[in-house]
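A short worksheet on the structure shown next.
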Amino acid sequence: MQIHVSPTDGIPIYLQIVNQIQYLISSGRIAAGEELPPIRVLAEQLLVNPNTVARAYRELELAGAVEKRRTAGTYVAEGGSRLARKERLKILARRIDALLAESRQMNVPLDELIDLLRQRDRVMAPAHSGD
Amino acid sequence: MPSPALGLSYYIWRRTRLPLISAALYLIILAAAVQLIPAIASPLVCVPLLAPLAAGVIAILGTLTLEQVNFDAAASVYPTHLLIRPATTRSLVAWPMLYAVIIAAGTVAMIDRLLLNQLHLPSATIEQRPINVSLPFIAAAFISWLQVVSWFPIPVPFGRLVAFTLTNLLVFAGNVGLYKAGAPQSIIALANVALVAAAFACAVVGVRGARRGVGQTPLPLTFITRLLPLQRNRRPFRSPAAAQLWFECRRNIFAPTVFACSMALLALPLSMLGSAHARKTGSVNLLTPDASIAITAPILILAFATAGPILVFLSMAAGIGKFDFFAKETRWPSFATIHPMSSGDFVRAKLKALAFASLITAAVMSIVVTISWLGMIPSDRALALAPLAKMSPVTRTLVLSLLPLAAALINWRNAAVSLIVFLTGRPRLITTFTFANIAMISLAFQAGYWLFKHPSHRAALESAFPALIVIAITIKLAVATTACRALTHLQLISRNAVVTAILLWSVFAIIAAVTFHPFAPSSSKLIPIIILMLPFTRLIATPLALHWNRHR
Amino acid sequence: MVTTAHHEPEESPVLEITEVSRRFGDKLALDDVSIAIPPGTVLGLVGENGAGKTTLIKHVLGLLKAQAGTVRVFGLDPVIEPVKVLSQIGYLSEEPDLPGWMRVHELIRYVQAFYKTWDAKYANELREQFALDPKARIKTLSKGQRARAGLLVALAYRPRLLVLDEPSSGLDPIVRRDILGAIIRTIADEGRTVLFSSHLLSEVERVSDRVAMLKAGRLVFHGDLADIKQSHRRVTLRFDKAINSPPPLPGAFGWTGAGHEWTALFDLQFEHVETEATRYGAEIVDRGSPTLDEIFFARTGGNGSAALASHAQE
C-alpha cells in the first residue's frame with residue numbers, strides 16, 4: 001500500500017494516513033473487502049508510532065470506510081463504493097475551499113474563477129480523452 | 001602562536017608543568033636538606049627519599065612524548081591536531097625533541113649535581129663517580145629514542161613494545177660497553193649526541209609517515225583471521241559471573257601477568273651468566289668488605305627474579321581497577337556500568353582473575369628460581385639460605401615449599417588491596433593516593449633507620465607498644481564495622497558473605513601467626529603487627545568504591 | 001509550563017521522576033524536573049545541547065544519583081537496586097562505548113550472559129538484518145555499524161524500557177531507519193516503553209506519543225504530542241504601520257518578520273488573538289499548524305520564557 005507521510009506537513013500524521021487511505025479506497029486502488037495491513041506492519045513501513053496508525057484505523061472505522069473483524073484484521077467495508085462518491089466530493093470540496101480562500105485573497109471574483117476553471121478544463125481535455 | 005617553536009613549547013609546557021614544578025620543588029627541598037642535615041646525606045636514608053622524585057621524573061618523561069604512549073596501537077602517538085599545522089616535519093620533530101632533551105638532561109644533571117654527588121657512596125658500587133658528566137647525555141639519548149618509538153607508526157601488533165626494548169638495550173648497552181672499554185668522558189658524550197642525531201633522523205621519517213596516514217589502517221594480516229573458522233562455536237556462559245571472569249582474564253590480567261613473567265624470565269639468562277662467571281672467578285661480594293651482609297651477583301639476580309615480578313605486578317594493579325586495562329580513563333564506561341550485575345560481583349570477578357594471575361606468575365617465578373638455584377655455586381647457595389640457617393631442616397623444607405604460595409599471596413594481596421582506590425574512577429584521588437603511598441613507604445624507611453640508630457627511642461617505643469596495638473585494633477575494628485554496615489545497607493554484599501569474609505580472615509590470621517612463629521622468637525611483638533597488616537577492610541569494602549564510581 | 005494529561009493511566013508508570021535537581025559545580029543541570037511515563041508509550045525528549053537531556057537519562061539508568069527529588073524505574077530506585085532495574089532496561093548511548101577489541105560474536109556472547117530474557121534467535125535475526133560480520137572487531141566497524149551493534153545488544157533481550165540518548169546523531173539515514181524501526185517494534189510489543197532524546201524533531205514527531213522539552217535544565221513542556229501541536233498555532237499578522245519590534249501580544253512567542261508582516265506562535269489563547277491583533281492595528285493574513293521544529297525554535301528563542309511567565313497556564 002503506497003502511503004507517504006510527512007511529519008512536517010502541518011497536518012497530523014494520523015490524518016494524513018486517513019486521507020490517503022480514503023483516497024486509495026475512493027479511487028479504487030484498494031478494492032472493497034480487501035484487507036488493510038496490520039497496524040504493526042504499517043507502522044513499521046511508515047516509521048510512525050503504532051498508536052498513530054491505530055488512531056487512523058479508528059477514524060476510518062468511525063467514518064464507515066473500513067470495518068474491524070475480530071482476530072482477522074481490518075478490511076475495507078463493502079459499502080465502500082457507495083461512500084466513495086461522498087468521499088470524492090468531500091476531498092474536492094476541501095480543495096475548492098483552499099482555492100476560494102486564495103482567490104479571495106487575490107481579489108479575483110467568483111465569475112472570473114469559474115471562467116478560469118472552464119478554460120483550464122479545455123486545455124486539459126485532450127489528455128483526458130483517453131480515460 | 002607565530003612560530004612552531006613557540007607553539008610546541010607552549011604545548012609541552014602545558015603538559016609537563018605540574019610534574020616539572022613539583023619535581024623541581026621536591027629536588028630543591030631535598031638538596032637543601034642534604035646540605036643542612038648530615039644524617040640525610042647517607043645513602044641508606046637518601047636513596048628511598050628519591051623514590052617520589054623518580055616517580056615525578058617518570059611522569060615528566062611520559063609527557064615529553066606529547067601524548068600517552070599506547071604500546072598496542074599501530075598509529076603514531078604524535079597528536080593529529082599538531083600534525084596538521086602548517087609547519088615542516090623537521091620543525092615538528094626538532095622542537096619537541098630539543099625541549100625533551102633539555103628537560104631530561106637538565107633534570108638528570110640537577111639530580112646528579114645536587115644529590116647523588118653529595119652522597120657518600122662506597123667506591124665499589126656499579127656506577128663510578130666519574131661517569132656523572134655523561135649521565136645527562138645518556139638521559140638525552142634515552143628520551144630522544146623514546147620519542148622516536150612513540151612517534152613512529154608501527155603497524156605490527158606490540159611492535160612498539162619490541163622497538164622500545166631494543167632501543168633501550170641499544171642506548172644502555174652501548175654506553176656500558178663504552179665505559180667498560182675505558183672511553184673518556186668526551187667520547188661517551190659525543191656518542192650520545194650522535195644517538196640523539198640518529199633519533200632525530202628516524203623521528204622525521206616516522207612523523208612524515210604519520211602525516212601521510214601510515215599506521216591508520218591495520219596490516220592486511222587480518223585476512224588470516226578471516227580464514228579461521230568461527231572459534232569452535234563457543235557455548236554461552238553459564239552465568240554473568242562467568243562472563244565477567246572471562247572478560248577479566250582475557251583483557252585485564254593478560255598484560256600484568258605477561259610483564260611480570262617476562263621480568264622473571266629475563267632473570268634466567270642473567271642468572272646463568274652470573275653463575276658461570278662465579279664458577280670461573282669465584283663469587284665477589286658487591287658491597288664493601290666491611291659490610292655486615294654479603295651480596296654477590298648471583299644473589300642479587302635471584303633477588304631481582306623474586307622482587308622484580310612482584311614490583312611489576314604491583315605497579316600494574318592500577319590498570320586492573322579500570323573496566324578495561326588498556327582504557328585511557330579510570331572512569332568506567334557506560335557500557336560497563338549498566339550491566340545488571342552488582343558491584344560486589346564485579347569485584348569478585350576481578351579478585352578471582354587476579355588470583356589466576358598471581359598463581360601463574362608465582363609458578364613462573366618458582367621455575368626460574370629453581371633453575372637459577374640449580375646453576376648456583378655452593379657458597380652462593382649457602383648465602384641464599386643464610387636467613388633460614390637457624391631453622392631445623394624440616395621447618396626449612398616446609399618454608400621453602402610454601403614460598404611459591406607466599407609469592408602468589410603477596411602478588412594477589414598487593415593488587416587486591418589497592419583495587420579499592422583504583423576502582424573509584426577519580427583520577428585526582430588515585431594520583432594523590434599513589435604519591436602518598438610512595439611518600440609513606442619512604443618515610444617508613446626513614447623512621448625505621450632512625451630508630452635503628454637511636455636505641456633509646458626504640459626502647460621508649462617498645463614500652464608504649466601495648467597501648468599502640470590496642471589503639472590500632474580499635475581503629476581497624478571501627479573502620480571494618482562501618483564498611484560492613486555500608487555494604488549491607490547498599491545491598492552490595494549479603495550478610496552471609498560478610499560472615500564468610502570474617503571467618504576467612506581469621507583463618508589467614510592463624511596461618512600467618514603460625515608461619516611467622518619460627519622466624520621471630522619475640523613473637524609477642526611481631527605477631528600482632530602482622531595480623532594487623534592483614535587486609536580486611538580494604539578488601540571487603542572494594543565494592544563500595546565501585547558503587548561510588550558507577551553512581552555519581 | 002504546559003502539561004497536559006490526556007488520559008489517566010491505570011497502571012503504575014514505568015518511569016517516575018519527581019522534582020529532581022542536579023548540580024555540577026555551579027552549573028544547574030536539572031532544575032526541579034518531574035516526568036512520569038506510563039507503560040506502552042514513547043516519550044521524546046527534546047532540547048538544545050546542554051539542556052540536560054543526557055543528565056536526565058543518566059538519572060534514569062542510575063549512573064547519577066539524584067541530589068534532590070526521587071527517581072523510580074519500575075517502582076524501584078536504580079541506584080539502590082541496579083540489578084533488578086538494569087536487567088529490564090536497554091540502553092543505546094550517543095557514542096556507544098563498546099569494547100573496541102571485541103569481535104561481534106564475542107560481544108554478543110558476553111552481553112548475553114547478563115540477561116535472562118535474551119532471545120538468541122532474535123539476536124541472530126537482528127545480526128543478519130544489520131549485516132554485522134561476526135568476526136569483525138568492533139573498532140574496525142564504521143560509526144553506523146557500531147550503532148547497529150549497540151542497538152542489537154540493547155534489543156535482543158526485549159527490555160521493558162528502551163532508553164536511547166541521541167541515537168541518530170551523526171548517522172546516515174539507513175541506520176536512522178533501523179533505529180526508528182527498533183523503536184516502533186519495541187512499542188508494538190505489549191507493555192514496552194521507549195524513552196529517547198533527539199535533535200531530529202521530524203523523528204520525534206513520527207514516533208512519539210508524548211514529548212518533553214528541556215531548556216537550561218527546566219521542563220518547558222511535557223504532554224501528548226497531539227495536544228502540544230493542537231495547542232499551538234502559527235499566525236501571521238499584517239500591521240498597518242511598519243514596526244521594528246513585535247508588539248507584546250500575550251501568549252505569543254517566537255516572533256519573526258520585519259516591517260509590516262510579523263509571524264509568531266500562539267498557545268491556547270487564540271480566541272483572544274484576533275481582538276488583540278486589531279487593538280494593535282493588525283489583521284490575520286495566514287494561520288497554520290506549526291511543526292515541532294517551529295515550536296522548538298520558538299520556545300528556545302528566549303522570548304518564549306517571558307511569554308510563559310506572563311500567564312500561569314496549567
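Taking R0 as 41 Å, what FRET efficiency do you get between C:ASP293 and C:ALA131 from their Cβ-Cβ distance, rounded to the nearest 0.05? Approximately 0.80, to the nearest 0.05. Going by accessible surface with a 1.4 Å probe and the largest first, B:SER372, C:SER142 read C:SER142, B:SER372. Our summary gives region B:132-203 a relative contact order of 56 percent, counting only alpha carbon pairs under 8 angstrom and 6 or more residues apart. Just the protein heavy atoms count here, and of the accessible area of the protein assembly as shown at 1.4 Å, carbon and sulfur take up 65 percent. The mean sequence separation of alpha-carbon pairs under 8 Å and at least six residues apart, normalised by the residue count of region C:53-193, gives a relative contact order of 28 percent. With contacts taken as Cα pairs under 8 Å and at least 6 residues apart, chain C reaches a relative contact order of 21 percent. Out of all DSSP beta bridges in chain C, what portion is antiparallel? Express it as a percent rounded to 5. Percentage antiparallel, nearest 5: 65. The residues of region B:330-348 occluded by other protein chains by 10 Å² or more of accessible area, set against the chain on its own, are B:ARG331, B:PRO333, B:SER334, B:PHE335, B:THR337, B:ILE338, B:HIS339, B:PRO340, B:MET341, B:SER342; surface from heavy atoms, 1.4 Å probe. Counted by Cβ distance under 14 Å from B:PHE152, the other residues give a net charge of +3, where Lys and Arg count +1 and Asp and Glu count -1. On a 23 Å Cα-Cα criterion, which of the cross-link pairs B:LYS322/C:LYS139; B:LYS322/C:LYS65; B:LYS352/C:LYS139; C:LYS116/C:LYS139 come out too long? Correct reply: B:LYS352/C:LYS139; C:LYS116/C:LYS139.
Put B:TYR179, A:TYR57 in order of accessible area, highest first, and with a 1.4 Å probe you get B:TYR179, A:TYR57.
Proximity of backbone amide H atoms, modeled 1.01 Å from N, is registered between C:PHE221 and C:MET213 at under 5 Å, excluding neighbours fewer than 5 places apart on the same chain.
Using a cut-off of 15 Å between beta-carbons, work out the net charge of the residues near C:VAL20 (Lys and Arg +1, Asp and Glu -1, C:VAL20 not included). Write out the running numbers ahead of the final one.
Values: positive: B:ARG552, C:ARG22, C:ARG23, C:LYS53, C:LYS58, C:LYS65, C:ARG72, C:ARG218; negative: C:GLU16, C:GLU19, C:ASP31, C:ASP32, C:ASP77.
My count for the surroundings of C:VAL20 gives +3.
Can you give the accessible area buried between chains C and B, summed over both chains, with a 1.4 Å probe, in Å² to the nearest 100? Provide the component values of the computation, followed by the final result.
Numbers: alone 15380 and 31250 Å², together 43330 Å².
Its buried surface, counting both partners, is about 3300 Å².
Which of rounded, prolate or oblate describes region B:158-215 when judged by the alpha-carbon gyration tensor and an a/c cut-off of 1.5?
Details: a/c = 6.92, a/b = 1.95, b/c = 3.55.
Note, shape of region B:158-215 comes out oblate.
Taking all protein chains as shown and a probe of 1.4 angstrom, C:VAL42 keeps an accessible surface of around 0 Å².
Using heavy atoms of the protein chains and a probe of 1.4 Å, the accessible area assigned to B:TRP246 is about 40 Å². Can you figure out the FRET efficiency of B:SER379 with B:LEU311, using R₀ = 30 Å and their beta-carbon distance, to the nearest 0.05? With R0 = 30 Å, the Cβ-Cβ based efficiency is 0.60. Here the Karplus curve 6.51 cos²θ - 1.76 cosθ + 1.60, taken at θ = phi - 60°, turns the phi angles of region C:245-256 into couplings of 10, x, x, x, 6, x, x, 9, 7, x, 5, 9 Hz, with x standing for Gly and Pro.
By how many nm would the segment from B:SER494 to B:ILE410 lengthen if fully extended, with 0.36 nm per residue of separation less the alpha-carbon distance? Please report the intermediate quantities before stating the final value.
Values: separation 84, 0.36 × 84 = 30.24 nm, distance 2.71 nm.
Using 0.36 nm per residue and subtracting the Cα-Cα distance, I get 27.5 nm.
Probing with 1.4 Å while keeping every protein chain in the model, the per residue accessible area of the protein assembly as shown equals 51 Å².
Suppose R0 equals 35 Å; then what is the FRET efficiency for B:LEU526 and B:ASN168 from their Cβ-Cβ distance, rounded to the nearest 0.05?
Values: r = 41 Å, r/R0 = 1.18.
Here the calculated transfer efficiency is 0.30.
To the nearest 10, the accessible area of C:ARG137 is 80 Å² with a 1.4 Å probe. One decimal place: the segment B:ALA439-B:ARG396 gains 11.9 nm when fully extended, by the rule 0.36 nm per residue minus the C-alpha distance.
The label point for C:ASN49 and the one for C:LEU28, both projected 7 Å from the Cα toward the Cβ, are 2.4 nm apart. Here the simple spin-label model places points 7 Å from the Cα toward Cβ, and for A:SER6 and B:LEU534 these points are separated by 7.8 nm. Can you work out D for the protein assembly as shown in µm² s⁻¹ from Stokes-Einstein, where Rh is the Kirkwood radius over C-alpha pairs, the temperature is 10 °C and the viscosity is 1.306 mPa s? Calculated translational D: 45 µm²/s. Most simply put, the protein assembly as shown has about 70% antiparallel DSSP beta bridges, counting only bridges with both residues inside it.
Classify region B:397-552: rounded, prolate or oblate, from the alpha-carbon gyration tensor (a ≥ b ≥ c, eigenvalue square roots; a/c under 1.5 rounded; otherwise prolate if a/b is larger than b/c)? Mind dumping the intermediate values first?
Working: a/c = 1.72, a/b = 1.40, b/c = 1.22.
Prolate.
Between region B:138-198 and region C:166-201, the alpha-carbon centres lie 55 Å apart. Taken along the Cα-to-beta-carbon direction at a fixed 7 Å, the label points for A:ARG94 and B:LEU18 span 6.4 nm.
Accessible-area rank, largest first, for C:LYS143, B:LYS453, B:LYS280: B:LYS280, B:LYS453, C:LYS143, with all protein chains present and a 1.4 angstrom probe.
Between chain A and chain C, roughly 1600 Å² of accessible surface gets buried, counting both sides and using a 1.4 Å probe. Each part reduced to its alpha carbon centroid, region B:294-362 and region A:1-64 end up 61 Å apart. Net charge in the neighbourhood of B:GLY448 (other residues with Cβ under 15 Å of its Cβ; Lys, Arg +1, Asp, Glu -1) is +2.
The values are calculated or read from the model by the stated rules, or taken from the named source; none is laboratory data. No experiment lies behind these values; they were computed from the predicted model shown. In this analysis, Cβ positions are derived from the backbone assuming ideal geometry, glycine residues included, and neighbour counts consider all displayed protein chains. We work out accessible area using only protein heavy atoms, side chains counted, and drop any ligands, DNA or RNA first. Shrake-Rupley method; radii C 1.70, N 1.55, O 1.52, S 1.80 Å.
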